[in-house]
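To start, the structure under review is shown below, and the notes come after it.
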Amino acid sequence: MLEGLTTEIITTVEKDLRKYPDWILRIEASGLGITNRAFKDFKTYDFKSLVESCVEYDEDTKRKIVAIESVYDIRLNEKKRKLIDLRYFQDEPRYKVIKELGLKNKNEYYRMRDFCILSFARVLGYLIDK
């Protein structure tokens, strides 16, 4: 693993990357209507309207979208972008990604993937540099 990259962080970043295409659609379709039922958080006993909860979720989603797009555009080279696009945005299986990128084996794939995940984890705030 690279610089404190744990299985939990990898899993969290991968979930965010897989959700990214749907988040884009959600943000583009925002404001098309919402009910006004109250949302009750029984863990904190905090009453929030559904609108307030949706606004908080949307703001967090927008932050993650900007972070993902920034890393994708600035930090990753063409081959790494293609890996992220195929594996997470298009949900292609690993063996197809390896074949498409012309990688020698799955070890090369994981080295490349871990570099990408590390970059996303730092920007998304899942990994704090010491």
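Out of 117, 128, report the one residue that is β-branched (Val, Ile, Thr) and crowded, with 16+ Cβ neighbours inside 10 Å. Spell out the reasoning first.
Working: 128 fails: crowded, with 16+ Cβ neighbours inside 10 Å.
Going through 117, 128 in turn, the sole match is 117.
So how many residues does the range 63-85 have that are more than 19 Å from residue 23 (Cβ to Cβ), of a type outside the set (A, V, I, L, M, F, W, C) and touching a helix residue (DSSP H, G or I) at 6+ places or on another chain (Cβ under 9 Å)?
The number of residues fulfilling the criteria is 4.
Could you pull out the residue among 110, 88 that is touching a Phe, Trp or Tyr at 6+ places or on another chain (Cβ under 8 Å) and at pLDDT 95 or above? Don't jump to the end; show me each part of the working.
Working: 110 fails: touching a Phe, Trp or Tyr at 6+ places or on another chain (Cβ under 8 Å).
Criteria check complete, one pass: 88.
I'd like the full set of residues that are surrounded by 14 or more Cβ atoms within 10 Å (Cβ to Cβ) and under 16 Å from residue 21 (Cβ atoms), limited to the range 86-111.
86, 87, 88, 89, 92, listed by residue number.
The values are calculated or read from the model by the stated rules, or taken from the named source; none is laboratory data. Quantities reported herein were computed from a predicted structural model and do not represent experimental measurements. All Cβ positions, glycine included, derive from the backbone under ideal geometry; neighbour counts span all protein chains shown.
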